[in-house]
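For reference, the structure is listed below as structure tokens.
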Amino acid sequence: MEVAKTIESVRGLVKAARSEGKKIGLVPTMGALHIGHISLIETAVKKCDFVVVSIFVNPTQFGPGEDFEKYPRPLEADLEICEKAGVDVVFAPTPEQMYPSENITWVNVEKLTETLCGRSRPGHFRGVTTVCAKLFNIVAPDVAFFGQKDAQQAIVIKRMVADLNMPLEIVVCPTVREPNGLAVSSRNKYLTKEQKQDAAYIYKSLQKCQEMIKAGTKDAGAIISEMKKVLNQVPSIEIEYVSIVDARNLQSIDRIAGKILAAVAVRIGPARLIDNIIVDTREQ
Ligand code: AMP
């Protein structure tokens, strides 16, 4: 496995692989790798001949007062995980490599970024789409892999790729969970053992939603109120939002129909945690 710290070196390695006719896969991450990331990498290794994992804590997607400085950066452990998983190249640039001067060119996906996490994290998705556009230009992958865990991010990236005719495929991989249902996340490191147990109620609230839809409930407001009841059983949970939206355009819906996304964002102690499920009522 190679570790590329510069744009020039990763480009050189990918160019050589492409000249051998290899299919290039990219897994963009911010590091602090866990089993969620590993499942993306394993999918990439299966589907592609040459896999690049980028590890970059992207400053432009963090707002003021967010956890950019304290975000974990265990590079040595990450490299070991990548090596074991069969990664060909880890691209781990410095912020100066990625942003050599003040960034004044942005990629902004409208509408889809104005709901859910976009409301409380202004500028976040603009940072995500801009850094992904840069990574796609640098690595030029045939396929890039994202997690369902960040459902809005995956939908926004897919739309950017479609709207800007970027020549790659986006594959979205299922959310990997702890045995108690908690979606695995680098930010779970901020939680105590008790807070991790409390955080299991996030998925419980999503299961409640699924059960109610299965039982035939059509009133989204009634489902949201039951989901909030589940979350409110835990005093340490501070709800940011509980939403049910149309999975195609992320607009709120009153009546359950078609493919819906139920999404939750909460704060527990120092961590902001998100999770979601997609329910396709046409499959029920
Ligand atoms: P991050 O390092 O948090 O930016 O995540 C990098 C990629 O891994 C994103 O596409 C995430 O959606 C994905 N990811 C993070 N956690 C999980 C998880 N528990 N299951 C599946 N994918 C995940």
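Points worth noting:
- Every helix of 4 or more DSSP H residues in the chain counts as -39500 (n - 2.57), and over all residues that averages to -12000 deg cm²/dmol at 222 nm.
- Among 258, 51, 273 - extreme Cα towards positive end, dipole of the chain, charges at beta-carbon: 258
- Note on residue 35 and residue 49: the extension gain reaches 2.9 nm, defined as 0.36 nm multiplied by sequence separation minus the Cα-Cα distance.
- GluC sites (Glu not before Pro) restricted to DSSP loop in the stretch 1-101 with at most 14 other C-beta within 10 Å: 20, 66, 69
- Beta bridge orientation in the chain: antiparallel %, DSSP, nearest 5: 55 percent
- The chain: most fluctuating residue of 162, 263, 151 per GNM, C-alpha cutoff 10 Å: 162
- Principal axes of the stretch 139-182: Cα extent on each, largest first, Å: 40, 18, 12
- Taken along its principal axes, the alpha carbon cloud of the stretch 1-62 reaches lengths of 37, 26, 19 Å, longest axis first.
- About the centre of its Cα atoms, the chain shows a dipole size close to 520 debye [charges on the beta carbon of Lys, Arg (+1) and Asp, Glu (-1) only; nearest 20 debye].
- GNM result for the chain, Cα springs below 10 Å: residue of 183, 257, 133 fluctuating most strongly: 257
- Cβ charges +1 (Lys, Arg) and -1 (Asp, Glu), total dipole of the stretch 71-160, debye: 540 debye
- Sites listed here are trypsin sites (Lys or Arg not before Pro) in the stretch 45-150 whose DSSP assignment is loop and whose Cβ has at most 14 other Cβ atoms within 10 Å: 70, 111.
- Residues whose amide H comes within less than 5 Å of that of residue 2, counting only those at least five positions distant or on another chain, are 89, 90 (H built at 1.01 Å from N in the peptide plane).
- Top of 234, 139, 128 by mean-square fluctuation, Gaussian network on the chain, Cα under 10 Å: 234
- Segment residue 196-residue 15, extension gain: residue separation times 0.36 nm, minus the distance between their alpha carbons: 60.8 nm
- Within the chain, the percentage of alpha carbon pairs spaced more than 32 angstrom apart rounds to 25%.
- Seen from every direction in turn and averaged, the convex hull around the alpha carbons of the stretch 18-148 projects onto 8.8 nm².
- Added length on full extension, which subtracts the Cα-Cα distance from 0.36 nm per residue, residue 80 to residue 3: 26.6 nm
- Only the Cβ atoms of Lys and Arg (+1) and of Asp and Glu (-1) were treated as charged; on that basis the dipole of the stretch 172-255 about its Cα centre amounts to roughly 200 debye.
Read the figures in this text as sums done on the coordinates, not as results from a lab. Model, not experiment: these values are computed from the prediction. FYI the Cβ positions are ideal-geometry reconstructions off the backbone, even for glycines, and counts take in every protein chain you see.
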